[in-house]
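Please treat every number below as a calculation from the coordinates, not as lab data. Just so it is clear, the structure is predicted and the values come from calculations on it, not from any experiment. We place every Cβ from the backbone using ideal geometry, glycine too, and count neighbours over all the protein chains shown.
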Amino acid sequence: MRSEPVVTERSGEAALEQSAALSSIQLRLISIYIDLLLRWNSRINLTAVRDPSEIVTRHFGESFFAARYLFPRSTRIASDATSAIQPNSGTEAVPPPARVLDLGSGAGFPGLPIKIWAPDVHLTLLESNFKKATFLREVVRALGLTAVDVAAVRGEDFSAQADVVTLRAVECFETILPTATRLVAVNGRLGALIGQGQVERAKELVPQMRWGKPVPIPLSSNRVLMVGCVPR
């Protein structure tokens with residue numbers, strides 16, 4: 001493992017377009033994550049991106065953008081290691097943690113960055129590829145994350161709904177989007193990181209979904225975040 005973090009405060013801020021601060025603990029978690037990703041990638045092909053700085057910009061930048069948009073009130077910047085990875089442990093009354101389901105999680109994007117950004121969420125990473133699911137479990141262990149489940153099953157075979165369902169760069173887009181919609185709980189949201197050219201097709205595939213306007217991803221020429229909900 002590298003003795004120096006590959007994610008500096010400067011590079012982390014650039015990935016977020018300087019719109020929100022990441023703590024040194026959060027940046028350290030990202031560095032550990034990248035080290036694991038690069039090591040495992042040589043064996044199981046997790047991502048075509050090999051350069052650490054490009055991984056920060058493309059994978060983490062896009063994922064943290066979605067995290068900030070979906071959880072704008074969860075931007076608690078950790079001042080110590082515990083608060084960076086543990087849910088709120090205070091005695092004050094708080095609502096139940098949001099259930100987040102990352103569909104077709106692959107290398108963990110955007111699910112794991114969402115968890116780093118909003119530690120209170122209960123995250124389920126859905127990845128049918130057993131080797132990739134094993135990698136995800138190793139990242140969860142190495143980062144010391146709690147309230148994270150990894151399910152090595154297909155989305156079509158999964159039934160538990162979530163308050164927020166996310167997907168990004170998944171194969172079989174036309175099949176997985178209706179599946180994702182089915183997994184959105186009452187009053188929940190679907191966050192899809194897709195290409196601009198897929199926007200109209202997404203609306204056609206799930207006409208029951210009430211979509212917001214596509215939100216352009218910073219530092220990307222054609223990627224957008226689509227957020228929608230299903231009227232009940």
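Annotations for the structure displayed:
- Ignoring lysines fewer than eight residues from LYS115 along the same chain, the ones with Cα atoms less than 22 angstrom from its Cα are LYS131, LYS132.
- Spin-label model, CYS229/ARG141: points 7 Å from Cα along the beta carbon direction are separated by 3.9 nm.
- Karplus-derived HN-Hα couplings along the stretch 188-194 (A = 6.51, B = -1.76, C = 1.60, θ = phi - 60°), whole Hz, x at Gly and Pro: x, 9, 10, x, 10, 8, 9
- Counting only residues at least eight positions apart within a chain, or on another chain, the lysines with an alpha carbon under 24 Å from that of LYS203 are LYS213.
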